[in-house]
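The values are calculated or read from the model by the stated rules, or taken from the named source; none is laboratory data. As the structure is a computational prediction, the values presented were derived from the model and not from experiment. Glycine also receives a Cβ, built like all others from the backbone with ideal geometry; neighbour counts cover every protein chain displayed.
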Amino acid sequence: MAKLIAGVDDVGRGPIIGPLVIAGVLIPDDAQEGLRAMGVKDSKLLTPEARTRLDPKIRSIATKVAFVEAQPKEIDDFVLHGGRLRKLNFLEARMMAQVIGQLGPEEAYVDASDVNEARYAESIRESLPDQLKGMKIFSEHHADRTYPVVSAASIIAKVMRDAAIESLHGGYGDFGSGYITDPKTMSFLRDWRRTHAEYPAIVRLSWKTIKEIEAEIGQTRFGS
C-alpha cells in the first residue's frame, strides 16, 4: 500500500493587502504522476482559468486537503512584536506545521521559505504534534516545481487567495492584486490614506511601503 505524503505551499507572502494562505494536499505517493498527467504544475505557471479548472480535480483525487490563513493583523503582530522570531519565515513554518498536523502524512514535502532549507524543515518540526515530530520533511526551494503534490497545494492556495481578494474587492472596490508592484494597489493605498485617518484592516501595516506612503503624504500635507 502506497504511503501517504503531503505537499504544502504558501501563497500571499509578499502582498501588502489580503491574507497569507498555506494549503496542504494529502495523497498516496503513487498518485503524483496522475497529478502531473492532468496538468498540475506550479500555480504561478498557470492561468487563473487553468487553476480554477484544476482545483476541484485535485480535491477529488486528494485523500484530504487542509489550509490555514493569516490575516494582516496577525502578520503585523508577529512581524512587529515577535521578539527574536520577527520574521515571516517563522510564522509560515508554524502555519505549515498546523497544516501538516491536520493531514497527518507519513512524509511531507514543503516549499522552503527560508534561504536555509534544512533550518526551515526544523522550524516546522518544532511546531508539529509530538506524534509527527519524527517524520521526514523534504524542505526545498521551488518544491512547487519539482513535486506534483506541492504544485497541487500551490494551486489550492492560489485559488483560495484569489477568492479572498475578489471578496475584498466587493467591499473596498477594485484595488488590484494587493501587490506593491501593482499600480492599482498603490493608488488605492494612497487615495485611501488621503481621505481616512487609518488604513483598512485588509492592509499589512508592517510593510515598509506604508512608511514610504506616510512620508509622501506628510510632505504633500505640509507643502514640502
Looking at GLU126, GLU166, can you tell me which residue is modelled with pLDDT of 95 or more, exposed (fewer than 14 other Cβ atoms within 10 Å of the Cβ), within 17 Å of VAL21 (Cβ to Cβ) and not basic (Lys, Arg)? GLU166
The conditions are (1) β-branched (Val, Ile, Thr); (2) in a helix (DSSP H, G or I); (3) more than 18 Å from the chain's Cα centre (by Cα), and VAL149 fails exactly one of them. Which is it? (3)
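Per-residue answers, yes or no, for (1) in contact with a Gly (Cβ under 9 Å, 6 or more places away or on another chain); (2) modelled with pLDDT of 95 or more; (3) not assigned by TED's automatic domain parsing to the domain that holds LEU26:
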residue: ILE58; (1), (2), (3): no, yes, no
residue: ALA70; (1), (2), (3): yes, yes, no
residue: GLY83; (1), (2), (3): no, no, no
residue: LYS87; (1), (2), (3): no, no, no
residue: PHE90; (1), (2), (3): yes, no, no
residue: VAL110; (1), (2), (3): yes, yes, no
residue: VAL115; (1), (2), (3): no, no, no
residue: ALA118; (1), (2), (3): no, yes, no
For LYS158, are the conditions met, namely being within 25 Å of LEU46 (Cα to Cα), part of a helix (DSSP H, G or I), touching a Lys or Arg at 6+ places or on another chain (Cβ under 7 Å) and not polar (S, T, N, Q)? yes
Would you check which residues across the range 208-224 are at pLDDT 95 or above and either of a type in the set (S, T, N, Q) or part of a loop (DSSP other than H, G, I, E, B) (or both) and list them? THR209
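Is it the case that PRO183 is modelled with pLDDT of 95 or more, outside the structural domain of PRO48 (by TED's automatic domain parsing) and surrounded by fewer than 15 Cβ atoms within 10 Å (Cβ to Cβ)? Write out each step before concluding.
Working: modelled with pLDDT of 95 or more: yes; outside the structural domain of PRO48 (by TED's automatic domain parsing): yes; surrounded by fewer than 15 Cβ atoms within 10 Å (Cβ to Cβ): yes.
Criteria met by PRO183.
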For VAL25, only one of the following conditions fails: (1) touching a strand residue (DSSP E or B) at 6+ places or on another chain (Cβ under 9 Å); (2) within 17 Å of ILE5 (Cβ to Cβ); (3) outside any strand (DSSP E or B). What is its number? (3)
Conditions (1) over 19 Å from ASN89 (Cα atoms); (2) touching a residue at least 12 places away in the same chain (Cβ under 8 Å) -> ASP130 fails only (2)
Being of a type in the set (S, T, N, Q), within 18 Å of GLY14 (Cβ to Cβ) and not in a helix (DSSP H, G or I) is the requirement here; does SER177 meet it? yes
